[in-house]
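The values are calculated or read from the model by the stated rules, or taken from the named source; none is laboratory data. Being a predicted model, the structure only gives us computed values, none of them experimental. Cβ sites come from the backbone with ideal geometry, for glycine too, and all protein chains shown count toward neighbours.
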Amino acid sequence: GKTFTVCVTGAAGQIAYSFLPQLCKGAIFPGVSINLRLLDITPVLN
């Protein structure tokens with residue numbers, strides 16, 4: 001099967017909070033494995 005690498009910027013934000021579960025359960029790319037990269041800036045993580 002296919003594998004996509006997906007980088008989500010703003011990963012600590014509210015949009016990512018709603019988007020990531022949809023992505024991980026296959027609603028965005030059905031039948032595709034996801035290599036997930038989460039990206040955010042350090043001040044947001046603290």
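Okay, here's what the table says:
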item	result
Search result, residues across the chain that are surrounded by 12 or more Cβ atoms within 10 Å (Cβ to Cβ) and among the aliphatic types (A, V, I, L, M)	VAL6, VAL8, ALA11, ALA12, ALA16, LEU20, LEU23, ILE28, VAL32, ILE34, LEU36, LEU38
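Listed here are the residues, each with its yes/no results for (1) at positive phi; (2) modelled with pLDDT under 95; (3) not in a loop (DSSP other than H, G, I, E, B).
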| position | (1), (2), (3) |
| --- | --- |
| VAL6 | no, no, yes |
| ALA12 | no, yes, no |
| ILE15 | no, yes, yes |
| LEU20 | no, no, yes |
| LEU23 | no, no, yes |
| ALA27 | no, no, no |
| PRO30 | no, no, no |
| ASN35 | no, no, yes |
| PRO43 | no, yes, yes |
